[in-house]
1. Among the helices (runs of 4 or more DSSP H) lying completely within the stretch 130-238, list those that include at least 2 residues that are more than 20 Å from residue 116 (Cβ to Cβ) and more than 20 Å from the chain's Cα centre (by Cα).
2. If I filter the stretch 98-115 for residues that are exposed (fewer than 15 other Cβ atoms within 10 Å of the Cβ) and in a loop (DSSP other than H, G, I, E, B), do I get at least one hit?
3. Only one residue in 79, 59 is in contact (Cβ under 8 Å) with a residue 24 or more places away in the chain, touching a helix residue (DSSP H, G or I) at 6+ places or on another chain (Cβ under 7 Å) and under 16 Å from residue 214 (Cβ atoms). Which one?
4. Does residue 83 satisfy the condition of being in contact with a strand residue (DSSP E or B) (Cβ under 8 Å, 6 or more places away or on another chain), within 22 Å of residue 35 (Cβ to Cβ), more than 10 Å from the ligand (Cβ to nearest atom) and assigned to a loop (DSSP other than H, G, I, E, B)?
5. Give me the pairs, please: first residue somewhere in the stretch 16-39 and more than 15 Å from residue 81 (Cα to Cα), second residue anywhere and in a helix (DSSP H, G or I) and away from the ligand (no atom under 12 Å from the Cβ), beta-carbon distance under 7 Å, and either six or more positions apart or on two chains.
6. Among the residues of the stretch 21-51, how many are near the ligand (Cβ under 8 Å from one of its atoms) and touching a helix residue (DSSP H, G or I) at 6+ places or on another chain (Cβ under 6 Å)?
Ligand code: NAP
């Protein structure tokens with residue numbers, strides 16, 4: 001495998017799903033750039049463990065996204081994972097809330113993909129893996145803004161799979177279910193227990209469950225898979 005195929009960039013790699021993904025890729029021999037915004041300590045510690053590099057960038061800022069991609073030296077495997085959530089009824093969701101969710105979750109993916117594409121097009125190879133959510137498929141009550149951003153990412157993945165397939169680039173979308181990370185801590189123990197009970201496999205997901213799916217999609221074994229929306233949710237969205 002060429003160096004390019006073994007170079008990965010994970011946005012929001014400092015915590016949760018992104019951290020588990022960066023760790024799995026690093027342990028599998030990828031040279032990983034671990035993007036962070038606020039969690040410098042954990043990003044640097046993780047990068048140190050896997051022989052990668054930590055880089056601070058706000059993915060919602062196009063120039064930060066360009067600097068991030070530049071710092072990676074060109075990434076063959078791109079994991080668009082950075083994201084924020086919001087639990088609010090739609091009438092309480094302010095225009096600022098709405099814009100903030102879209103700017104991180106959707107603009108962030110667009111900014112980083114756009115910056116990374118010239119290298120992939122030159123190499124005629126790339127793996128773009130976008131982290132959406134089961135709420136992008138099903139919609140979540142009191143999370144309309146979040147659900148809308150995650151549905152947008154599904155549309156982006158499918159369109160890009162068609163546009164970039166002839167250039168040797170696959171684009172797939174993962175839809176995690178309820179994964180045990182900081183993002184869900186505010187939901188409280190009781191809600192998390194009932195979400196686990198509503199999951200056919202009767203447990204919350206672990207960040208590693210999503211990381212394993214990313215590893216597969218990045219591998220040669222997945223070279224004929226593109227444009228897919230793959231649930232990693234213990235059967236929740238079935
Ligand atoms: P998390 O534990 O809250 O971690 C979020 C990560 O995103 C952190 O590394 C954070 O970096 C980074 N981040 C946030 N805003 C950023 C920005 N503007 N620029 C760069 N990085 C930014 O979340 P998670 O649960 O691991 O979720 C990761 C992804 O999976 C998200 O897209 C989320 O929507 C999706 N997802 C999660 C679940 C779930 O149940 N947990 C389910 C479905 C989908 P810093 O800490 O360094 O600021």
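Just so it is clear, none of the values below were taken in a lab; they were calculated from the coordinates. Values in this document were obtained by computation on a predicted structure and should not be read as measured data. Counting neighbours? That spans all protein chains shown, and the Cβs are built from the backbone with ideal geometry, glycine included.
1. Where helices (runs of 4 or more DSSP H) fall fully within the stretch 130-238 and carry at least 2 residues being more than 20 Å from residue 116 (Cβ to Cβ) and more than 20 Å from the chain's Cα centre (by Cα), they are 189-197.
2. No.
3. 79
4. Against the criterion (in contact with a strand residue (DSSP E or B) (Cβ under 8 Å, 6 or more places away or on another chain), within 22 Å of residue 35 (Cβ to Cβ), more than 10 Å from the ligand (Cβ to nearest atom) and assigned to a loop (DSSP other than H, G, I, E, B)), residue 83 does not qualify.
5. 26/50; 27/50; 28/215; 29/6; 30/6; 31/6
6. 2
Residues are listed down the side, and each one gets a yes or a no for (1) within 29 Å of residue 177 (Cβ to Cβ); (2) within 12 Å of the ligand (Cβ to nearest atom); (3) buried (at least 24 other Cβ atoms within 10 Å of the Cβ); (4) free of Cβ contacts under 8 Å to residues at least 24 places away in the same chain:
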| position | (1), (2), (3), (4) |
| --- | --- |
| 53 | no, no, no, yes |
| 69 | no, no, yes, no |
| 75 | yes, no, yes, no |
| 123 | no, no, no, no |
